[in-house]
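No lab work stands behind these numbers, since they all come straight from the coordinates. Worth saying up front: this structure is predicted, and the values here are computed from it rather than measured. With ideal geometry, Cβ positions are generated from the backbone for all residues, glycine too; neighbour counts draw on all protein chains shown.
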Amino acid sequence: MKFKIKTIWHVKRFHQLDQEANKRRCDIAILIMFLCLVTFCARLWHLQIVQGEDFRQQSERNRIRSVRLQPPRGKILDRTGRLLAGVKPCFNVCLVKEDVRDMEALLAKLSPLLGETEAEIRTRLGSEQKGPKYVPIVIKRGAEWETLSRIESRLFSLPGVFIEVTPIREYPYGSIAPHLLGYLGEISRKDIEEKRYKGARSGDLVGKYGIEERFENDLAGVKGQRRLEVDAEGRLVRVIDEKPPIPGKDLYLSIDLELQQASEEAMKEYVGALVALDPQTGRILALVSSPAFDPDAFATGIDNKEWEALNDPVSRPLQNKALQGRYAPASTLKIVVAAAALQEGIVTRNTSFECASRFRLGKSSFRCWNWRGHGQTNLYKALVESCDIYFYQVGLKLKNEKIVKYANAFGLGSKTGIDLPNESPGFIATPDWKLKKYNEPWQEGETLITAIGQGFTLVTPLQMACLTSAVANGGTLYSPVYLEKLTGPDGHIFASFESDPKGKLPISESNLRIIKRALVGAVNDEKATGNKCKLPDVLVAGKTGTAQVIGQAKRRQDKKLDWKYRDHAWFVAYAPADKPELAVAVLCEHAGHGGSVAAPIARKVFEKWFQIQSPLPVLRPCKTAFNIKSIDNHV
């Protein structure tokens with residue numbers, strides 16, 4: 001009996017435990033089902049609410065695709081309205097990755113059609129891996145007609161591939177003033193990430209240099225949009241609607257096309273720069289940096305060989321030498337030193353010094369370029385024949401502080417203010433700078449060589465052109481401008497540009513007249529160093545300069561110097577001397593003497609300018625020799 005009761009109790013206990021286990025299992029199963037339901041709902045909420053708009057747009061893009069329409073880039077014209085840089089159609093082969101199912105098969109088809117290897121095409125595609133797949137990628141820019149016809153006839157078998165027509169730069173007169181105009185290049189990934197160009201995206205051409213970069217926002221215009229309906233393969237079904245682009249604004253420059261062409265032709269054999277200004281307004285009429293480069297190459301792409309040539313460390317084709325090149329001014333600085341000496345009362349026009357070809361200072365001997373010497377020399381003769389001994393002695397009396405003061409007042413050692421990036425300020429050395437730089441005091445011998453434009457002093461051709469203009473116009477130093485106006489496609493003027501006076505030369509009218517007299521003689525006198533710029537019917541005033549690259553001792557030892565050791569040739573001038581219309585600065589690197597190399601180049605520029613003018617100005621005929629009294633009638 002007891003056994004039976006105990007057995008029944010165990011059976012009841014077993015059923016009770018079994019029910020509790022089943023209950024726990026049910027609870028766990030319900031919890032798991034609840035968690036699955038919550039997860040499912042959360043995922044559904046995330047897809048429909050959080051990512052719903054994105055998926056909706058992706059779905060819409062499978063049917064409707066927006067294509068940006070590039071506006072015609074604004075034209076760049078010279079001062080008379082002649083076209084320097086226009087636009088022409090450019091045909092690009094593009095690819096939308098989103099429409100490609102088998103990329104390898106597509107590349108195998110494209111390679112022979114484009115005339116490029118699969119690796120080259122893959123490299124272009126790979127550079128855009130971070131971009132959205134629905135954004136078109138330019139895989140061939142500026143495709144030729146033969147390539148286009150091969151692609152166009154096979155588009156049905158090339159999913160994701162289409163032909164895009166965009167405006168691109170055209171240069172009707174060839175490569176004109178490329179260092180001023182600049183060039184276009186494909187926007188880089190870094191530019192996109194930094195948002196350097198407003199509204200630009202991968203594949204766009206943007207201004208990378210010069211005016212094209214400086215006025216990118218004005219020239220680029222406003223992009224339009226076209227909405228297309230496409231099928232599953234990305235092929236066009238119909239155009240839904242279109243918002244036309246707004247063309248860029250046009251820029252009128254102060255550059256004169258004919259003068260620019262003549263200047264470039266005159267400089268084509270030399271490495272250097274040429275700047276021609278209107279001395280009365282500060283407007284740039286020609287700006288040359290030689291050698292030049294082809295701006296078209298950057299838009300269509302350049303290979304490694306071309307890039308290496310553009311980065312040649314000797315000729316430096318990409319450097320704008322007119323405002324970035326820094327050179328010793330040589331004897332052209334004697335204009336400043338003479339003005340300083342007159343204004344400070346150190347000399348008069350009649351003060352003279354003996355030039356016996358050598359000048360001793362302590363244990364050192366300083367030479368004049370004329371080994372025979374100039375004999376007794378006054379200020380006029382010193383400028384006309386560029387006597388170094390005269391200016392050695394004037395420099396000692398002035399001292400370096402005064403030379404620095406007047407050099408700065410003439411615009412040296414600071415930027416001219418031209419509205420272009422990366423302009424160099426040049427350099428005017430001071431005793432404090434040398435002490436800080438080399439921990440050495442300033443020596444009187446350094447003042448001597450500074451007085452003839454050697455030593456630490458560095459200037460740019462643009463600075464020397466501005467300095468010459470200031471002397472020509474009577475003492476007003478202008479910040480140079482290269483723009484006339486900014487207009488819309490309909491001719492509406494959005495902005496006009498004028499040069500602002502930067503300052504006045506700290507020299508009296510009478511002293512400036514003495515300097516100008518001597519500059520006329522420096523071109524027209526019988527023993528003038530610049531007589532190769534002399535014109536038969538126009539009176540030219542100017543000054544030569546020959547900047548030594550290495551010391552005199554080495555120059556005497558080796559008569560056949562390598563190109564890189566030869567002197568730089570300078571010439572600055574303006575004409576007509578009585579009513580200046582044009583001021584020119586010429587610098588030829590390692591070309592020799594300023595009078596024999598740079599002066600003839602300036603002459604060609606003057607000849608072209610007065611040929612352009614109609615009618616030619618009526619001027620007094622030049623004479624073969626001048627003195628102070630005869631020049632009074634002209635200056």
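Report relative contact order for region 87-219 in percent, whole number only (criteria: Cα-Cα under 8 Å, sequence separation at least 6).
Relative CO of region 87-219 lands at 30 percent.
Given Cα pairs under 8 Å that are at least 6 residues apart, what percent is the relative contact order of region 467-557?
Dividing the mean separation by the residue count of region 467-557 yields 19 percent.
Mind checking the dipole of the chain: about its Cα centre, +1 per Lys or Arg Cβ, -1 per Asp or Glu Cβ, Debye to the nearest 20?
Charge dipole, the chain, about its Cα centre: 2020 debye, nearest 20.
Arranged from highest to lowest average of other beta-carbon atoms within 10 Å per residue, in what order do the peptides 220-227, 473-480, 333-340 appear?
For the peptides 220-227, 473-480, 333-340, the packing ranking is 333-340, 473-480, 220-227.
Can you tell me how region 367-454 classifies by the Cα gyration tensor, rounded, prolate or oblate, using a/c under 1.5 as the rounded cut?
oblate
Apply the a/c threshold of 1.5 to the C-alpha gyration tensor of region 241-340 and tell me whether it is rounded, prolate or oblate.
oblate
What aspartates and glutamates does K363 reach when the alpha-carbon gap must be under 20 Å and sequence neighbours fewer than 8 apart in one chain are set aside?
Here the aspartates and glutamates satisfying the reach criterion relative to K363 are E354, D388, E440, E444, E446.
Starting from the Cα gyration tensor of region 132-193, take the square roots of the eigenvalues, sort them a ≥ b ≥ c, and report rounded, prolate or oblate (rounded when a/c is under 1.5, otherwise prolate if a/b is larger than b/c, else oblate).
It is oblate, given that a/c is not under 1.5 and a/b is not larger than b/c.
Using a 10 Å cut-off on Cβ atoms, rank the peptides 574-586, 153-165 from the highest mean neighbour count down.
Descending packing order for the listed peptides: 574-586, 153-165.
Hey, which of these cross-link pairs are over 22 Å Cα-Cα: K140/K249; K397/K502; K198/K223; K334/K399?
Check vs 22 Å cut-off fails for K140/K249; K397/K502.
Given the peptides 346-357, 190-201, 265-276, arrange them by the average over their residues of other C-beta atoms within 10 Å, most packed first.
265-276, 346-357, 190-201
Explain nothing, just the number: relative contact order of region 170-218, from Cα pairs under 8 Å at least 6 residues apart, as a whole percent.
41 percent
Given a Förster distance of 25 Å, report the FRET efficiency between E116 and S66 from their Cβ-Cβ distance, rounded to the nearest 0.05.
0.30
Scan (i) -0.35, -0.47, -0.94, -1.12; (ii) -0.47, -0.59, -0.93, -1.04; (iii) -0.54, -0.66, -0.98, -1.11 for the value of log10 I(q)/I(0) by the Debye sum over Cα atoms at q = 0.06, 0.07, 0.10, 0.11 Å⁻¹ calculated from this model and give just the label.
Working out log10 I(q)/I(0) by the Debye sum over Cα atoms at q = 0.06, 0.07, 0.10, 0.11 Å⁻¹ from the coordinates points to (ii).
Go ahead and run the numbers for FRET between K223 and N408, Cβ-Cβ distance against an R0 of 45 Å, rounding to 0.05.
Working from the Cβ atoms, E equals 0.45.
Pick out, from L274, L333, P245, the residue whose Cα sits farthest towards the positive end of the charge dipole of the chain, with +1 on the Cβ of Lys and Arg and -1 on the Cβ of Asp and Glu.
With unit charges placed on the Cβ atoms, the residue in question is L333.
Fully extended, how many nm does the chain gain between S149 and K268 (0.36 nm per residue separation, minus their Cα-Cα distance)?
My answer for the length gained is 38.9 nm.
If I model a spin label as a point 7 Å beyond the Cα along the Cα-Cβ vector, how far apart are those points for R25 and D432 in nm?
9.5 nm
If the cut-off is a Cα-Cα distance under 19 Å, which aspartates and glutamates reach K321, setting aside same-chain residues fewer than 8 apart in sequence?
Reachable aspartates and glutamates: E212, E213, E264, E265, E269, D294, E308, D312, D419, E423, D567, E589.
Treating only the Cβ of Lys, Arg, Asp and Glu as charged (+1, +1, -1, -1), what charge dipole size does region 87-219 show about its Cα centre? Round to the nearest 20 debye.
Once rounded to the nearest 20, the dipole reads 220 debye.
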